[in-house]
1. When only residues in the range 241-283 that are surrounded by fewer than 22 Cβ atoms within 10 Å (Cβ to Cβ) and assigned to a loop (DSSP other than H, G, I, E, B) count, which is nearest to ligand 2 (Cβ to nearest atom)?
2. If a residue must be closer than 14 Å to P112 by Cα, part of a helix (DSSP H, G or I) and among the charged types (D, E, K, R), how many such residues does the range 319-334 contain?
3. Does Y111 count as surrounded by fewer than 22 Cβ atoms within 10 Å (Cβ to Cβ), among the aromatic types (F, W, Y) and closer than 30 Å to Q340 by Cβ?
4. Are there any pairs with C-beta distances below 7 angstrom linking a residue in the range 82-111 that is outside the structural domain of N242 (by TED's automatic domain parsing) to a residue that is among the charged types (D, E, K, R) and assigned to a loop (DSSP other than H, G, I, E, B), with the two at least 6 apart or on different chains, and if so which?
5. Just checking, which of K84, K52 is over 21 Å from the mean Cα position of the chain (by Cα) and at pLDDT below 95?
6. Identify all residues within the range 104-158 that are acidic (D, E) and either closer than 30 Å to D236 by Cα or touching a Lys or Arg at 6+ places or on another chain (Cβ under 8 Å) (or both); write none if there are none.
7. What number of residues within the range 254-287 satisfy the criterion of being under 27 Å from D116 (Cα atoms) and within 10 Å of ligand 1 (Cβ to nearest atom)?
8. From the list T295, T240, T306, which residue is β-branched (V, I, T), in the same structural domain as I167 (by TED's automatic domain parsing) and touching a residue at least 60 places away in the same chain (Cβ under 8 Å)?
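The values are calculated or read from the model by the stated rules, or taken from the named source; none is laboratory data. Please read all numbers here as calculations on a predicted model, not as lab measurements. Quick reminder, even Gly has a Cβ in these numbers, built from the backbone with ideal geometry, and neighbours come from all protein chains shown.
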Amino acid sequence: MAKVLVLPGDGIGQEIVPEAVKVLKKVAPKYGLELEFEEGLIGGTAIDETGKPLPEETLEACRESDAILLGAVGGPKWDHLPAKERPEVAALLALRKGLGLYANIRPCLLYPALADASTLKKEVVAGTDLVVVRELTGGLYFGEKRREQVEEGEKAVDMLVYTTPEIERILRLAFELAAKRSGKVTSVDKANVLESSRLWRETATRLAADYPDITLEHMYVDNCAMQLVRDPKQFDVIVTENMFGDILTDQASMLSGSIGMLPSASIGGAVALYEPAHGSAPDIAGKNLANPLATILSAAMMLEITFDLEEAAQSIRKAVEEVLEAGYRTGDIMMPGAKQVGTDEMGALVRERL
Ligand code: IPM
Ligand code: MG
């Protein structure tokens, strides 16, 4: 019996996570996997109930589980809190750090039925199939932060720090992932300006010697942002530091039709965390409008990565594809002539096909 800790969190997290849990409950037994589910508190919801965004109990439960399924955290109700106490920082970043999840895998795949859903031209996005490997526990988001009073007013400081071992481990992961795909790694940095990027690039170049079958290319992050929308098919595995990866994956999500389609897996520690790449979307929360597919596809990643059930994961992806082919859409991927459905209906349609 394996334990999945379920952390719906805030906003649409409360609606999308139950749909993915129901998918897991249907698929796992078919592949001989017995799962038990336990629910925990995180984010603003946890602040409201316990006073803390990441209660000790939740972290403990995470450590005792085999995998974690998370929705999203944050919302206007907690935006007034100082940065250090906000759910995004004190819950999500703290959880990633606390569990040692230094690698965030974000596959960006366009389901053919959604070629028209993107705001980008169909002929540009068609055939997109790339993965962003984002460093997740270093860089600007975790560096020292402070404010000072100076003569001119206030001064704010965010430190961008990377060490060689931190860069090496994420790059190795990207090289190994590329070996299972088309064998190309694009390492993204800003080495023309940043010292941390220069260390990143030197390290990538040095490690590449250990992977003779992989083609390594370096790209500046500003160019990468442009290339992603100009010709996304040139990419296979993109590896980059924390903030660049955060920004580029939101952008890349439009290649898959909507950010509501982008799953993710955070790995590198004893237990992995699976969550959609999008946020808590307070504007549509509680209205049965959210797209549960990114979370459902994150559950598929869980079956594949944590439980080594590739076929089970594939069956979920196929079900998602069939639902899209049949013309069902949530609002974010809606197009003329399609049938618009709510969060719960979308989940049910996927399960019907499993
Ligand atoms: C993401 C999110 C988070 C991040 C926020 C909510 C802290 O944007 O998972 O991409 O920046 O990592
Ligand atoms: Mg983000």
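1. Of everything passing the filter in the range 241-283, G279 is nearest to ligand 2 (Cβ to nearest atom).
2. Residues flagged as closer than 14 Å to P112 by Cα, part of a helix (DSSP H, G or I) and among the charged types (D, E, K, R) within the range 319-334 amount to 3.
3. yes
4. Partner pairs satisfying both residue conditions: P87/D10.
5. K84 is the lone residue from the list that is over 21 Å from the mean Cα position of the chain (by Cα) and at pLDDT below 95.
6. Scanning the range 104-158 gives D116, E123, D129, E135, E148, E154, D158.
7. Adding up the residues that qualify gives 9.
8. None of the others qualify; the one that does is T240.
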